[in-house]
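The values are calculated or read from the model by the stated rules, or taken from the named source; none is laboratory data. These numbers come from a predicted model, not from an experiment. Just the protein is used for accessible areas: all its heavy atoms, side chains included, with ligands, DNA and RNA removed. Shrake-Rupley method; radii C 1.70, N 1.55, O 1.52, S 1.80 Å.
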Amino acid sequence: GRLIIVGDLHGQLADLLTIIRIGGMPSDKNYYVFNGDFVDRGANGPEVLFIIYALKLVYPHYVTLNRGNHEHPKINARYDFEEQIWTKYDAELFDHICDTFELLPLCALVDNKVLVLHGGLFASSNVTIEELRRLRYRRQLPLKKHQVSHGVKSKTENIMEGILWSDPVEEHIVLNARKGWIKNKRGAGILFGPSVTHKFLDGNNLDLLIRSHEMVEAGYKLQHNNRVITVFSASHYYGNNHNQGAIVILEHRNLMQPQFIQYY
């Protein structure tokens, strides 16, 4: 079979329908990972979310939904999804939806070789796959300063924040950073260079990291010696960009030869 990885959709219903038309419905030969940021900014956040949830309910073994940084009530209040639900339904439904966001996993492991998560890696070093499996993830991050114990984030909080918010950068950006990463301009997570990627992947016997979180012009981008792939599935993002959307397809026997399908 094959695995189709879908990046940020941000409430763009036409892109979701295009992906299903191209990829087909989920089945035992057609698995999907929706890699977070289903809602906000686009006009059809409720419709996109309900279709994705319906796919998960009907095809539970063939659909995985990872959480993104926009599966968060405070982000939703700022970027329209809360208003969309309140206008079309009511505040109670929005609260229930936010409860479901905390149930979404943070990452997916494919054949013990490919890690799929929304944002990126972490300030904490020597993180293992087993630690990721044990994370107490049923919470919302980032936390406000007064909620952080003694002003210092725990390792769990650092890892979760990285998974949801971090971004890869090229070597020259972190050249003078002793640990291979610097603070992220987003205000959460880190900007991590190739050395962080290679250390994490090699330390966990992984080949590839697939993430989303950033708009890229071609809909996908390869970095860090092709060991990091960014996939972004919202075409013409926010209505004023001219980017393509894309999906990544991994064939079971050829995980290290990803295929990319682009669309406008």
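Considered as an equivalent ellipsoid built on the Cα gyration tensor, the chain has semi-axes of 26, 23, 18 Å, the largest given first. Over the chain, dividing the summed -39,500 (n - 2.57) contributions of all DSSP H runs of at least 4 residues by the number of residues returns a 222 nm mean residue ellipticity of -8500 deg cm²/dmol. Full extension of the chain segment joining HIS198 with TYR263 gains 20.3 nm, where the gain is 0.36 nm per residue of separation less the Cα-Cα distance.
Here segment 14-119 exposes an accessible surface that is 57 percent carbon and sulfur, computed with a 1.4 Å probe and the other protein chains kept in place. Computed over the chain with a Gaussian network model linking Cα atoms closer than 10 Å, the most mobile of SER166, SER124, SER235 is SER124.
Could you rank TRP86, TRP165, TRP181 by how accessible they are, 1.4 Å probe, largest area first? Write out the running numbers ahead of the final one.
On the way: TRP86 130, TRP165 30, TRP181 70 Å².
Correct descending sequence by accessible area is TRP86, TRP181, TRP165.
Relative contact order (percent) for the chain, with alpha-carbon contacts under 8 angstrom and 6 or more residues of separation? Computed over the chain, the figure is 20 percent.
Accessible area per residue for the chain, computed on protein heavy atoms with a 1.4 Å probe, is 48 Å². Seen through its C-alpha gyration tensor, with square-root eigenvalues sorted a ≥ b ≥ c, segment 161-256 comes out oblate because a/c lies at 1.5 or above while a/b is not bigger than b/c.
Note on segment 79-145: Cα-Cα pairs beyond 16 Å make up 63% of the total pair count.
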